[in-house]
Amino acid sequence: ELKVEQNPLFLSMQEGKNYTIYCNYSTTSDRLYWYRQDPGKSLESLFVLLSNGAVKQEGRLMASLDTKARLSTLHITAAVHDLSATYFCAGGFGNEKLTFGTGTRLTIIP
Amino acid sequence: DSGVTQTPKHLITATGQRVTLRCSPRSGDLSVYWYQQSLDQGLQFLIQYYNGEERAKGNILERFSAQQFPDLHSELNLSSLELGDSALYFCASSEGQYLPNVLTFGAGSRLTVL
């Protein structure tokens, strides 16, 4: 069964700094998703990574996938307060269920 | 608005009771997924329906059941409720039966069991 682990679980960073959230998964995964969730709100899709070496960028967020290392990263560049949220990665294979990581609660401090 | 509609948004009930959560998928989507989000368990997959048929089952308790109707809306029934069932219940939808490129979530139904 696919297991997905994220680290760190909590991240407090200053505005303007760069940081990376890591997502490790235990077995083969067809694709890797990144979602954002604001407190008490729904999950918003950020990226879907479909192949080894895939890199996607949107604004200050960039996600990458290394299927050989079973690792995806979400890199935050020059953080701003609006990026404060909980970020989830999720993996899945074929017709299997989507398995979510534990989430990383990101707080951007002015 | 994601296009996935969930009702009710909030629900408070007592232990031992039964509730029904409803989900209408995005137009054109045939798959509906149910997820439970609690503080201690994180986001757990419960069940998936595709075009009216059960497609995949996750960590769904026997006290819980779901179905998808001909108009593609889905209902999640939770019975003999316990305090630990308090959680956010999300519905998501996608076009096909296999893992999609896009899985769109609804706003969730927050269940509080007292």
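Worth a mention:
- Any hit, region B:26-45, residues being assigned to a strand (DSSP E or B), away from chain A (no Cβ under 14 Å) and modelled with pLDDT of 95 or more: no
- Region B:47-60, subset of a type outside the set (A, V, I, L, M) and in a loop (DSSP other than H, G, I, E, B), residue farthest from the other protein chains (Cβ to nearest Cβ): B:G52
- Selection over region A:14-50 of residues that are part of a loop (DSSP other than H, G, I, E, B), small (G, A, S) and under 28 Å from B:G3 (Cα atoms) gives a count of 3.
- Enumeration of residues in region A:84-110 that are within 15 Å of A:F47 (Cα to Cα) and away from chain B (no Cβ under 12 Å): A:Y87
- Residue selected from region B:86-104 under the condition under 15 Å from B:G42 (Cβ atoms) and within 10 Å of chain A (Cβ to nearest Cβ), by the criterion farthest from the chain's Cα centre (by Cα): B:L88
- Among the residues of region A:78-96, those identified as in contact with a Leu (Cβ under 8 Å, 6 or more places away or on another chain) and either surrounded by fewer than 16 Cβ atoms within 10 Å (Cβ to Cβ) or of a type in the set (V, I, T) (or both) are A:T86, A:G94, A:N95.
- Residue that is modelled with the lowest pLDDT, among those in region B:1-24 that are within 14 Å of chain A (Cβ to nearest Cβ) and assigned to a loop (DSSP other than H, G, I, E, B): B:D1
- Looking only at region A:32-61, and only at residues there that are among the basic types (K, R) and more than 8 Å from chain B (Cβ to nearest Cβ), the one that is farthest from A:S84 (Cα to Cα): A:K56
- Going through (1) of a type outside the set (D, E); (2) part of a loop (DSSP other than H, G, I, E, B); (3) crowded, with 20+ Cβ neighbours inside 10 Å; (4) at pLDDT below 95 one by one, B:N101 falls short only on (3).
- With respect to the conditions (1) closer than 27 Å to B:Y33 by Cα; (2) touching a strand residue (DSSP E or B) at 6+ places or on another chain (Cβ under 6 Å), A:L11 falls short on a single one, namely (1).
- Test: residue in region B:61-83 that is farther than 20 Å from B:G3 by Cβ, within 12 Å of another protein chain (Cβ to nearest Cβ) and among the basic types (K, R): no
- For the residues B:S2, B:S80, B:S24, B:S86, the requirement of being small (G, A, S), in contact (Cβ under 8 Å) with a residue 40 or more places away in the chain and in contact with a Phe, Trp or Tyr (Cβ under 7 Å, 6 or more places away or on another chain) singles out B:S2.
The values are calculated or read from the model by the stated rules, or taken from the named source; none is laboratory data. Everything quoted here is computed from the prediction, not taken from an experiment. Ideal geometry is used to build each Cβ from the backbone, glycine not excepted, and the neighbour counts take in all protein chains shown.
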